[in-house]
Amino acid sequence: MEQRFTFTTMNLRDSLSLAWNSIKSNKLRTGITVAIIALGIMALIGITTAIEAMNQSLRESFSVLGANSFTIRYNTRRGVFGGRREVSKETKQQQKERKSNIGRIITYQEALAFKNRFEYPGTVSISVRGSFNEIVQYATDKKLYKTNPNVSLQGGDENYLELNGAKLIAGRNFSEREIESGSNVVILGFDVVDKCFEGKAQFAIDKTVKIGNRPYLVIGVLDKRGASAFLNLDNLVAVPYNNVRRYASLANTFSIAVKMPEYSMMEAGIGEATGLFRKIRKLDVTESDNFSIDKSDAIAEQFIGFLSGISGSAGAIGFITLIGAAIGLMNIMLVAVTERTKEVGLTKALGATRQNISRQFLFESILLSLLGALFGILLGVLVGNLFAIVLKTGFVVPWGGVGLGVLLCFLTGLGAGYYPARKASKLDPIVALRYE
């Protein structure tokens, strides 16, 4: 085909065209190079996508608790969380005090005192955890229905459902008398009803189920709230907190949840709650708090912060893979220079400048790298969204990771192609034409 340009007037479009034609004419080399680069980008984008799906699942799981609520818990997370110790300058007295504060549970008397004495506008609920490995059974004349040994038993009061974003689809809430006496009445989560009563919520009311070996009268059924890999809000049963106290073999700590009428009242409410609970815990003004106050999304944010560390590791893996890909790409481009030595000599003899030759090889390297980025991003997003399917979240595209992947591949192509392009541009045309 007749060339419609001279090498002395060759522009960027012509250089790109020659580079693309060279890529298309060497399919095997192109395929291997693109595959190497795509592997590194797939690792980076795939893990980033999976972690983004996990973050989304966490936010959805904790969003039901509401943005205008907070929880008072005993100190279990101070010091170490997610394998990392909080680093701060402490005196020996402060270290001793902090260690003595960890593990001091919130007793029933303290929780009840807070509920009765908290006068700031808001709804207060006290609750206690039973266990996470209960079996719920319902027996008929013909069949025994039972759950797996992974049902969460929670003890709550009349405000427990509201403070935990739960709604009844059948039955009623606990009465004050049932809470005070610790009656054997239970409100079932949606998944428990699904397994024990084949999803028939209204049919479950007034039936007797066994939790462990104890009989309970079903008084309510909760609406479906959803689940994630981190939190299942439907696989639980709620009983009056005094019922848990009656049967628990260990003295479990209570949790205190407070819901404010408006989000703007949160900080003031937390301040009031802190001051009141310090009095209840009989803390001196010089002593630090021996309890924690978490906003509704604080736990999710802590998990998300922990997952960001995994994102950093994923980036390191992808970066190391890209370094290997850059080395491979440079070697392939050096081989290409050697294979096309005669071609370089001919184009120089026809008037091509060093800049023309250098630009052609550099563009070829960048295009190969960007092709690898394209396939790597597509595969990474698809692989990462397998986690989104498992976690039941929407389709996730980590646009930040995609932009970073494209930038890294561009820089990889630029860095890997620079030396081969420079070497090709310096070839002596006479020596190159003689090359065999």
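Please treat every number below as a calculation from the coordinates, not as lab data. These numbers come from a predicted model, not from an experiment. Neighbour counts are summed over all protein chains in view; Cβ atoms, including those assigned to glycine, are modelled from backbone coordinates with ideal geometry.
Worth a mention:
- For segment 253-258, 3J(HN,Hα) per residue [Karplus equation, 6.51 cos²θ - 1.76 cosθ + 1.60, θ = phi - 60°, Hz, x = Gly/Pro]: 7, 8, 10, 10, 10, 10
- Under the Karplus curve 6.51 cos²θ - 1.76 cosθ + 1.60, θ = phi - 60°, whole-Hz ³J(HN,Hα) for segment 34-49, x wherever Gly or Pro sits: 4, 5, 4, 5, 4, 4, x, 5, 4, 4, 5, 6, x, 5, 4, 5
- For residue 136, nonlocal amide neighbours, meaning residues 5 or more places apart or on other chains whose placed amide H falls under 5 Å from its own, are 147.
- Computed from the Cβ-Cβ distance with R0 of 35 Å, the FRET efficiency linking residue 263 to residue 112 stands at 0.80.
- Length gained on full extension, residue 414 to residue 390, computed as 0.36 nm times the residue gap minus the Cα-Cα distance: 4.8 nm.
- Averaged over residues, the count of other Cβ atoms within 10 Å places the peptides 42-49, 232-239 in the sequence 42-49, 232-239, highest first.
- Separation in nanometres of the label points that stand 7 Å from Cα toward Cβ, at residue 316 and residue 16: 3.8
- Residue-wise HN-Hα coupling along segment 273-289, computed from phi with Karplus coefficients 6.51, -1.76, 1.60 (Hz; x: Gly, Pro): 5, 5, x, 5, 6, 4, 5, 5, 7, 6, 8, 6, 4, 8, 8, 7, 4
- Using only side-chain charges placed at the Cβ, +1 for Lys and Arg and -1 for Asp and Glu, the dipole size of segment 129-259 relative to its Cα centre rounds to 300 debye.
- Packing rank of 125-133, 165-173, where each peptide gets the mean count of other beta carbons within 10 Å, highest leading: 125-133, 165-173
- Between residue 407 and residue 283, the FRET efficiency from the beta-carbon distance, with R0 = 51 Å, is close to 0.45.
- The eigenvalues of the Cα gyration tensor, multiplied by 5 and square-rooted, give segment 129-259 an equivalent ellipsoid with semi-axes of 21, 17, 15 Å from largest to smallest.
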